[in-house]
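Step one of this worksheet: look at the structure below.
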């Protein structure tokens with residue numbers, strides 16, 4: 001009944017405008033047929049009053065509409081807050097667990113322990129790190145360690161490896177466990193050489209040593225508070241001990257690991273070395289790997 005644009009069209013335009021549609025609308029009209037009331041409600045009107053209207057009733061309806069709007073706004077705020085908390089929770093999960101473990105946890109509410117065959121395990125640790133800690137303030141040591149670990153994470157990702165965790169000054173990563181890699185040992189050897197180079201590019205230029213072994217591992221999540229994804233088995237132990245026998249600035253492979261890449265890398269034997277729990281084992285220092 002308004003000129004140029006009737007009330008229905010005004011209501012329809014308001015509800016179609018994303019910047020206005022949240023505003024509650026009360027329709028007041030001399031048309032009091034039920035069809036008109038239903039049409040307005042379907043178009044999004046909050047309420048409908050017929051003329052002549054009672055001012056006290058209108059005031060009550062306006063108040064009720066505003067109360068409902070405040071509740072809807074409050075609900076939207078809570079939902080946005082929940083979404084932000086969920087996003088923050090996801091970020092924390094990705095900081096703690098590998099990507100594949102996060103997907104399994106979100107899908108099934110648990111990460112089942114599994115045995116994985118043919119996995120390359122890499123340990124990289126800093127030479128004389130304890131002595132360095134005793135000479136410098138903690139802020140300097142932790143800041144420099146954080147930068148180095150950040151570089152190692154980038155190297156691991158670029159080489160197709162999965163960072164498992166840091167243990168003090170040691171960096172543990174795997175290849176061929178949670179995501180497919182064509183040649184796990186070759187990926188680990190390439191990552192090891194790049195980690196040695198990266199350690200010289202950031203302050204204070206620490207020397208690192210890398211050990212790599214190849215074989216089966218068992219992996220899963222342990223703990224309910226401050227839980228972590230971890231590895232167990234002889235392969236992990238040997239990789240750690242190979243790292244401990246490596247020389248500063250070098251990448252050492254067990255003989256088993258070397259046999260996997262001997263056609264795609266150059267290196268030289270460092271002879272038979274006694275490893276705790278394994279006896280004598282030949283270790284090979286890697287010089288280059290195929291691009």
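The values are calculated or read from the model by the stated rules, or taken from the named source; none is laboratory data. All figures in this text were calculated on a predicted structure; none of them were measured in a lab. Here Cβ is always computed from backbone atoms with ideal geometry, including for glycine, and neighbour counts include all displayed protein chains.
Considering only residues that are modelled with pLDDT under 90 and under 18 Å from residue 68 (Cα atoms), which ones fall in the range 45-56? Of everything in the range 45-56, those that are modelled with pLDDT under 90 and under 18 Å from residue 68 (Cα atoms) turn out to be 46, 47, 48, 49. Here residue 165 meets the list (1) free of Cβ contacts under 8 Å to residues at least 60 places away in the same chain; (2) part of a strand (DSSP E or B); (3) surrounded by fewer than 17 Cβ atoms within 10 Å (Cβ to Cβ) almost entirely, failing just condition (1). Check the range 185-198 and report whether any residue there is loosely packed, with under 15 Cβ neighbours inside 10 Å and assigned by TED's automatic domain parsing to the domain that holds residue 141. Yes, the conditions are met somewhere in the range 185-198.
I want to confirm something. Restricting to the range 174-196 and keeping residues that are in a loop (DSSP other than H, G, I, E, B) and farther than 14 Å from residue 261 by Cα, which single residue is modelled with the highest pLDDT? It comes out as 176. Within the option set 37, 111, 62, being surrounded by 12 or more Cβ atoms within 10 Å (Cβ to Cβ), touching a strand residue (DSSP E or B) at 6+ places or on another chain (Cβ under 8 Å) and assigned to a loop (DSSP other than H, G, I, E, B) holds for one residue only, 111. So for the range 192-204 (the condition being farther than 17 Å from residue 154 by Cα and either touching a strand residue (DSSP E or B) at 6+ places or on another chain (Cβ under 6 Å) or in contact (Cβ under 8 Å) with a residue 60 or more places away in the chain (or both)), does at least one residue qualify? Scanning the range 192-204, I find at least one residue that is farther than 17 Å from residue 154 by Cα and either touching a strand residue (DSSP E or B) at 6+ places or on another chain (Cβ under 6 Å) or in contact (Cβ under 8 Å) with a residue 60 or more places away in the chain (or both), so the answer is yes. Name the single residue that is surrounded by the most Cβ atoms within 10 Å (Cβ to Cβ) among those in the range 236-257 being free of Cβ contacts under 8 Å to residues at least 40 places away in the same chain and touching a strand residue (DSSP E or B) at 6+ places or on another chain (Cβ under 6 Å). The qualifying residue surrounded by the most Cβ atoms within 10 Å (Cβ to Cβ) is 246. The single condition among (1) free of Cβ contacts under 8 Å to residues at least 40 places away in the same chain; (2) on the phi > 0 side of the Ramachandran plot that residue 118 does not meet is (1). When residue 99 is tested against (1) surrounded by 14 or more Cβ atoms within 10 Å (Cβ to Cβ); (2) outside the structural domain of residue 202 (by TED's automatic domain parsing), only condition (1) is not met. When residue 85 is tested against (1) over 22 Å from residue 236 (Cα atoms); (2) surrounded by 12 or more Cβ atoms within 10 Å (Cβ to Cβ), only condition (2) is not met. For the range 128-157, a tally of residues being more than 18 Å from residue 191 (Cβ to Cβ) and in a helix (DSSP H, G or I) returns 16. When each of 88, 84, 115, 103 is tested for being modelled with pLDDT of 90 or more and out of contact with any helix residue (DSSP H, G or I) (no Cβ under 8 Å at 6 or more places or on another chain), the lone residue that passes is 115.
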